[in-house]
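Contents: one structure, followed by commentary.
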Amino acid sequence: MAQLNYLFKRLLQMIPVLFFVTVLIFTMIRLIPGDPARTLLGEMALEEDVQRLRELMGLNKPYTTQYFIWMKGILTGDLGRSLVYKMPVKDMILPRLRITISLTFLSMLFAVILSFPLGYMAGKNKDKLGDQVIRVTALAAISMPTFWVGLLLMILFGVKLHWFPVGGWAETPAEQFKALVLPALTSCLMTTALLMRNLRNSVVDISILDYVDFARSKGITETRVSTMHILRNALITTVTLLMMRMAWMLGGSVVIETVFSLPGMGKLMIDSIFGRDYAVVQVLVLAFSMLVIVMNLITDILYSFLDPRVAL
Amino acid sequence: MDNSTQKFRKRKKQDTFKMMIRNKSFVAGSIIVFIVLILALFPGAFTNQDPIELDPQAIFAPPSPEHLFGTDNYGRDIYSRVIYATKIDLQLGVFGVSIPFVIGTILGLLTGYYGGLLDTIVMRILDVMMAFPFTILMIAIMAVLGSGIRNTYIAIWLTGWMTFCRLVRSETMVAKNSEYVMAAKVAGFSDRRILLRHVLPNVISSAVVYLASDIVMCMLTGASMSFLGLGVQPPTPEWGSILSTGRGFISFAPWITIFPGLFLSITGIGFSLMGDGLTDFLRTKGR
Amino acid sequence: MEKEKLLEVKDLKTYFLLRDETVKAVDGVSFDVYEGETFGLVGESGCGKSQTCRSILKLLKRPGEIVGGEILYKGQDIVKMDKNEIRNIRGKEISIIFQEPMTSLNPVLKIKTQMFEAFHDSNMSKQEKLEKAIELLKLVGIPSPETRIEEYTHQFSGGMRQRAMIACALGARPKLLLADEPTTALDVTIQDQILKLINSLKDELKMSVILVTHDLGVVAQMCDRVAVMYAGIIVEMTDTVTLFSKPRHPYTYALMGSLPDQSKRGSRLEPITGAPPNLANLPAGCPFAPRCKYAEEICRQERPEIFEIEPGHLTRCHFPDKVRTFTGIIDVPAEEVGNNG
């Protein structure tokens, strides 16, 4: 199958990118001012103790050696230790990964549920009142800061109406879902607006093409014209855009999880930066970029399924 | 015969609405941006209170004639803080986008036109940098550089050039093979002249359209960084950081979060409207 | 031998209602199409011939609307039909093929899927549909139909795409095929093949064809009767032989004058002076008057009514006498022209 060949080719191409990504991450962390050993032991510690800890931590070894030690650790599953939490990073990441991915996935779901019908309707009723309203709403949604929207939603639905919890995580799956609703709604806002606009424009552009009229001329139902001909073509770019936005939404988890106090990867990252817990930051940035790379790959392959004109 | 056309004239009402949205969006956006600009340049004209003055007697005061937007946990007047913050945020948007726009366009022109080694290097850099979610990249850079407004600008500049570069590069690659460029080459014009006089005017329009939305992006990114505590540091008033101080108190002092966000949104909407109107204008002109 | 009337178009008016103007694309067009005949609609770009066809199946693009007239198919008025009624006509009774085959077929669906759509109303099983579709592809002359049916539009060449489109249009065996410039976008050699194909299918499936074209050569090759259109109205209508031997309208005559004439070697092509009219802002009077060599004051003031200058030959001109002196580009002895002489 052509897709498998392409997949293999892309995986090979990914290797140099991955390499440079790890080098970039490692270098950036190294560039952060301050001495990790000193931070651990505190301001009051003796210089010789700091030096001894530096030896122990391998901080005096040359740059490349430290890099290889780190990479070897990554590849064998040793992701380092958190200075702040005093536990292996590996144990900390997995539950948080679950939360961030659930948040992103739910956001995507909301974005699709909201944007597809509205975008389609706007496109079908071009320039009528519904279309104008939708376009104006989309424009406003793109221009608003997500952290503000999140807080507003929290005030309205959490504090005033008590429909959803005011931030924080929960134990049972049902409660966890409720805890994700407001954050996911906040996160999906900009993506929904962009998808709506994109789908609307696609539908408008495609509706006037000859093949839509030709399909109609065969006497098939208008529903079939809308689904198999208009939507089927219009959705190609919209789905691609959705996949691209997923990468953005992953990054947005930093702000959303901070606003709603969700214990996910994003919040951990911010906390670790302030706490100077750089071993954690390193691994988190790497995890985020791996997710993005995988998502891009899936997008390309998905696109080739959607549009048979694309030769891989 | 004309009766039949009159029957369908009710559509004209809807057509007028369309005209209002289209042609006026640029005007409406410009009005908003103009007002914001005035606020930024002459904050003293709108308030006579000191944005960083503390008043322990009046903490968490709700909006009143004396404190239009209420006060925060230090008793500072939110209204004046929001007004004075206008300049900071506007600068974040406008200055944040300017360097990436220029650098990105130049790089895009060069890589699109010449290709070769430069193109390969730049594309590899783009590949690596775009492997990170945008926000993650931003805070990673801020982690290295440290917080503060100057570092926020540097971080925005380091990440912002990429989209402009890609956009201009692909348009340049298309323009490179167009007939008028071929004709110019045959006529013996220098590369520099071709790029500046022939290619640039044609590829710049999509970059300018993106510019309008990117101003909003830069402003919101700067505000986000400040919100997270990485960007503008207190007590400098900035909409994102003012909002952030209100976070712990939303149940009983929501005004601290509501008003700065409102100003951010309105400013953002203003620029977006301008961008929208610009897109339409450029699209119809191109026909 | 009286032939049945299949389609009667009566005073059809199709206008495009734009923001500040109304484009009168079709402004009072009347003609009949009989069983088993090929009827031509010929004229320059923008004369309204394509919009007339699209009006018949109500496939107008926004903001086009049929604002007046009747289209009687087997006695029923299509203009008054609702969405469901017109769906029964489309495909089963009347079909259409367009000019540009690349954009007329859905690029992301297999040819098979698009052909099956022509069978949407039948009770055939999947296997039966497949067999019928392959048979249709064979009928239109596509080689190796069993494999090609699983392919996509972009994998076909221009001529093949046109054939595939014809196959889709004829899947439900319509009685009337509307062919909107079916060969304009094709190479000359392919053009001829497609036209011959349409003729043979017409005989095999016993259908009528309305053929829209700007090419008089195509009219000569294919049409039994023809209407010449200009600025949204018919200016002359008769059988093909008469049109080419005794045109009776200055526009028709001018169209022929702009054809290369083999017999008069070295003679100049005579293009029609002036520009086509603005359909949103038609002058009063005859729309061809600004470009007509023989126009007089009344031509500029009063639009002529269409009238029968001879049995079976209609024209729309104020000066039958001047018009009578036109001779066409073929010479036909009076006896051979038959009833329409």
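Any read-out appearing in this document is the output of simple, stated calculations on the displayed coordinates, not a laboratory observation. Every value quoted in this text rests on a predicted model; they were computed, and no experiment measured them. So basically every Cβ, Gly included, is an ideal-geometry build from the backbone, and we count neighbours across all protein chains shown.
Odds and ends about this structure:
- Modelled this way, with points 7 Å down the Cα-to-C-beta line, the labels at C:LYS5 and B:ARG150 are 9.0 nm from one another.
- Value of Rg to Rh for region B:90-208 (Rh from inverse mean 1/r over Cα pairs, i.e. Kirkwood): 1.06
- Of the residues C:ILE78, C:ILE89, C:ILE298, the one that moves most in a GNM of chain C with alpha-carbon contacts below 10 Å is C:ILE298.
- Between C:ASN123 and A:LEU11, the FRET efficiency estimated from the beta carbon spacing at R0 = 45 angstrom works out to 0.40.
- This model, with +1 at the C-beta of Lys and Arg and -1 at the C-beta of Asp and Glu, gives the protein assembly as shown a dipole about its Cα centre of some 680 debye.
- Degrees, to the nearest 10: C:188-205 long Cα axis against longest axis of chain C: 70
- A viscosity of 0.890 mPa s and a temperature of 25 °C, combined with the Kirkwood radius over Cα pairs in Stokes-Einstein, give a translational diffusion coefficient for region A:91-248 of 141 µm²/s.
- Rg over Rh [alpha-carbon atoms, Kirkwood Rh] for region B:160-233: 1.23
- Calculated over region A:90-169: convex hull of Cα atoms, volume per residue (Å³): 123
- Cα-derived Rg to Rh of chain B, Kirkwood definition: 1.09
- Fraction of antiparallel bridges per DSSP, region C:5-223 only, in percent to nearest 5: 60
- Percent of beta bridges antiparallel (DSSP, the protein assembly as shown, rounded to nearest 5): 65
- Converting phi to 3J(HN,Hα) with the Karplus coefficients 6.51, -1.76 and 1.60 and the offset θ = phi - 60°, region B:32-43 yields 4, 4, 4, 4, 4, 4, 4, 4, 5, 7, 10, x Hz in sequence order, with x at every glycine or proline.
- Of the chymotrypsin sites (Phe, Trp or Tyr not before Pro) found in region A:103-188, the ones in coil according to DSSP and having at most 14 other Cβ atoms within 10 Å of their Cβ are A:TRP163.
- FRET efficiency for the pair C:ASN88 and C:PHE319, taken as 1/(1 + (r/R0)^6) with r the Cβ-Cβ distance and R0 = 60 Å, rounds to 0.85.
- The three principal axes of the C-alpha atoms in region C:5-223 carry coordinate ranges of 50, 39, 37 Å, sorted with the longest axis first.
- Förster radius 30 Å - calculated FRET efficiency between B:SER178 and A:MET243 (Cβ-Cβ, nearest 0.05): 0.45
- C-alpha long axis of helix C:158-170 to longest principal axis of chain C, angle in °: 80
- Helices in chain A that qualify as membrane-span-like (whole DSSP H runs, Cα extent of at least 18 Å along the helix axis, mean Kyte-Doolittle hydropathy of -1.0 or higher) are A:2-31, A:63-76, A:89-124, A:129-143, A:173-207, A:232-260, A:278-306.
- For region A:201-261, alpha-carbon Rg relative to the globular expectation (2.2 N^0.38 Å, N residues): 1.71
- Set C:LYS10/C:LYS61; A:LYS128/C:LYS112; C:LYS80/C:LYS175; C:LYS206/C:LYS246; C:LYS5/C:LYS80; C:LYS3/C:LYS83 screened for pairs whose C-alpha atoms are more than 28 Å apart: A:LYS128/C:LYS112; C:LYS206/C:LYS246; C:LYS3/C:LYS83
- With only the Cα atoms considered, the protein assembly as shown has a convex hull volume of 234 Å³ per residue.
- Close amide H partners of B:PHE132, meaning residues 5 or more places away or on another chain with modelled amide H under 5 Å apart, do not exist here.
- Neighbour-count ranking [beta-carbon atoms within 10 angstrom, fewest first] of C:PHE307, B:PHE263: C:PHE307, B:PHE263
- Virtual paramagnetic centre 7 Å along Cα→Cβ of B:ILE99, amide N under 16 Å, in region B:154-189: B:154-165
- Farthest toward positive dipole pole in the protein assembly as shown [+1 Lys/Arg, -1 Asp/Glu at C-beta], among C:THR252, B:ILE194, A:TYR85: A:TYR85
- For region C:150-206, applying the loop criterion from DSSP together with a ceiling of 14 other beta carbons within 10 Å to the GluC sites (Glu not before Pro) yields C:GLU150.
- Point-to-point label distance, A:PHE105-A:MET290, nm (Cα→Cβ direction, 7 Å offset): 1.8
- Residue of B:THR47, B:THR267, B:THR221 that the Gaussian network model of chain B assigns the largest fluctuation, springs spanning Cα pairs under 10 Å: B:THR47
- Projected over all directions and averaged, the alpha-carbon convex hull of chain A occupies 21.5 nm².
- The label point for C:PHE307 and the one for A:ARG276, both projected 7 Å from the Cα toward the Cβ, are 10.5 nm apart.
- Shape class for region C:62-118, computed from the alpha carbon gyration tensor (a ≥ b ≥ c): prolate, with a/c not under 1.5 and a/b above b/c.
- Rounded tilt (10° steps) of C:126-139 against the dominant C-alpha axis of chain C: 40
- Anisotropy class of region C:117-196 from Cα gyration tensor, a/c 1.5 cut: oblate
- Highest mobility in the GNM of chain B, judged by mean-square fluctuation with C-alpha springs under 10 Å and restricted to B:LEU54, B:LEU109, B:LEU92, is found for B:LEU54.
- Value of [θ]222 nm, deg cm²/dmol, for chain B, DSSP H segments ≥ 4, -39500 (n - 2.57) each, nearest 500: -24500 deg cm²/dmol
- The trypsin sites (Lys or Arg not before Pro) found in region B:157-246 include none that occupy coil by DSSP while having at most 13 further C-beta atoms within 10 Å.
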